[in-house]
1. Across the chain, where is the longest run that never hits chymotrypsin sites (Phe, Trp or Tyr not before Pro) in a DSSP loop with at most 13 other C-beta atoms within 10 Å?
2. Within 10 Å of each residue's Cβ, count the other Cβ atoms and sort Val220, Val25, Val449 from fewest upward.
3. Around Asn453, what is the net charge, scoring Lys/Arg as +1 and Asp/Glu as -1 over all other residues with Cβ under 12 Å from its Cβ?
4. Could you calculate the contour length gain from Arg110 to Glu486, that is, 0.36 nm times the residue separation minus the distance between their Cα atoms, to one decimal place in nm?
5. What's the Kirkwood radius of the range 388-489 in Å, using all Cα pairs?
6. Computed over the Cα atoms of the range 304-382, what is the ratio Rg over Rh, Rh following Kirkwood?
7. If you rank Glu475, Glu116, Glu107 by fewest surrounding Cβ atoms within 10 Å, what's the result?
8. Along the charge dipole of the range 262-320, Cβ charges K/R +1 and D/E -1, which of Ser312, Ser263, Asn296 sits furthest on the positive end?
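Rule-based calculations on the coordinates, nothing more; no lab input. The model shown is predicted, which means the values in this text are computed figures rather than measured ones. Glycine also receives a Cβ, built like all others from the backbone with ideal geometry; neighbour counts cover every protein chain displayed.
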Amino acid sequence: MTDTTQPTTPTDGFVYAPAPQATDVVDIRSSYGLFIDGEFVAPEGDGFRKTVNPATEEVLAEVADASPADVQRAVAAARRAQTEVWGPMPGSERAKYLYRIARLIAERSRELAVLETIDNGKPIRESRDSDLPLVSAHFFYYAGWADKLGYAGYGPDPQPLGVAGQIIPWNFPLLMAAWKLAPALATGNTVVLKPAETTPLTALHLAEIIQQADLPPGVVNIITGAGETGQALVDADVDKVAFTGSTAVGKAIQRSVAGTAKSLTLELGGKAANIVFDDAPLDQAIEGIVNGIFFNQGHVCCAGSRLLVQESIAEPLMERLRTRLSTLRLGDPMDKNTDIGAINSAEQLERITALASAGEEEGATRWSPACDLPDRGYWFPPTIFSGASQSMRIAREEIFGPVLTTMTFRTPDEAVAKANNTPYGLSAGVWTDKGSRILWMAQQLKAGVVWSNTFNRFDPTSPFGGYKESGFGREGGRQGLAPYLEVTI
Ligand code: NDP
């Protein structure tokens, strides 16, 4: 069922003049090779694929497809660099390179933010104010650990694993690259990184920064391509596989490495509960709900995609939420006033559309604010489902789009039971005035991160990772060093 009512309270009537970010700060090449052993090289085969701007469908560049032979080449370069240069290098020297990379990213942050928005579709406000500051902060943070590994709690002289094969998704392309590279390099490992096929460009510009920082050749190799390239990397002679992406691919990778000596960490999907009690500060909670699910078009593994509201405040809260959603601006991601940008690809749009249709078919009530979608590109309006039940697909499956499923509860026990009724366990949010309830809920919720009276807060010092089908291993913080060290904890 579709609810076509619009909020009764007046919505934001301001007319905003366009405020476009200049795009000439970035120089996009027409063709990119593979970054192997410190240089951009041609792939062995003649495979190239195009990457497009999802807001306009304009082709941005062609990017090489790495064959299994290219993957072997990259792994061999990483192996040589690890045993001859990077592994034996004192941590204090490795730290200097990481600080240099962090500084260069900060210096080139405007260029990288613009490129991220062009290739991914996310609003420039988010890539500029959220992604890029976190990317350089991550390198700064792990640079600080490089010469202090003996004091990290993993023994007096913890050793690197060797060569890490790292596979990342398209939702936070450069940030995920930073989450993977910084701890691996700080601990003395070398890396072969595969970005997602729809968002390879910022990783390739990071390769330029790596050259600029004079990182020894082979320490970081960046190979582009599709799922087959990722699979070839998993099967190659690496000591560690680190993967962020869908649960289905994560399980396939786990099967591939079973029975080998390879170490594995998986950061997979989520279906987080954002739980609002009747004593919560409602205005803040509304902002937290909006940030929880509409940030980055909902392409966030820890998105607060299930809203659990205490029954006594459900109606006023939903009314306020509709009013707030009516003020969100969807459109040109390069406009500094834009809140909701483009969906990353036609395939992802198809997935979101299909799951939202399933929600209606199963009997939930669908609502979106009045909202004009641009004629070209991939777009989906912010959408709320109410009257959902726990068995519906929209309450169980990761939609990975700007779609919120709302349900109600009466008691804290019921909130916990409903929140934990999911195969995932990546994050959760709790909104209440009572400190004791926050602590009790945090103990009960089976989620790697529990935010209280906030949502989607990140800091390099804080570990992040999942329970159950959301994966295992932690990224960030002191704990983020362990997956790259030979330690038993
Ligand atoms: P995938 O898991 O397919 O992709 C993640 C990365 O793995 C990409 O680099 C991908 O390459 C690569 N890959 C794909 N197949 C294999 C394989 N067999 N072996 C090794 N690597 C592989 O995610 P999708 O992009 O297809 O997104 C699908 C769904 O996954 C989304 O709707 C969302 O629910 C979830 N997702 C979760 C994320 C998270 O952060 N937890 C992030 C992204 C997606 P390529 O891009 O070329 O396919």
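1. The longest such stretch corresponds to 17-489.
2. On the way: Val220 32, Val25 13, Val449 24.
Going from least to most buried by this count: Val25, Val449, Val220.
3. The answer is -1.
4. That works out to 131.6 nm of additional length.
5. Its Kirkwood hydrodynamic radius stands at 15.2 Å.
6. 1.00
7. Details: Glu475 23, Glu116 28, Glu107 13.
Lowest count first: Glu107, Glu475, Glu116.
8. Ser263
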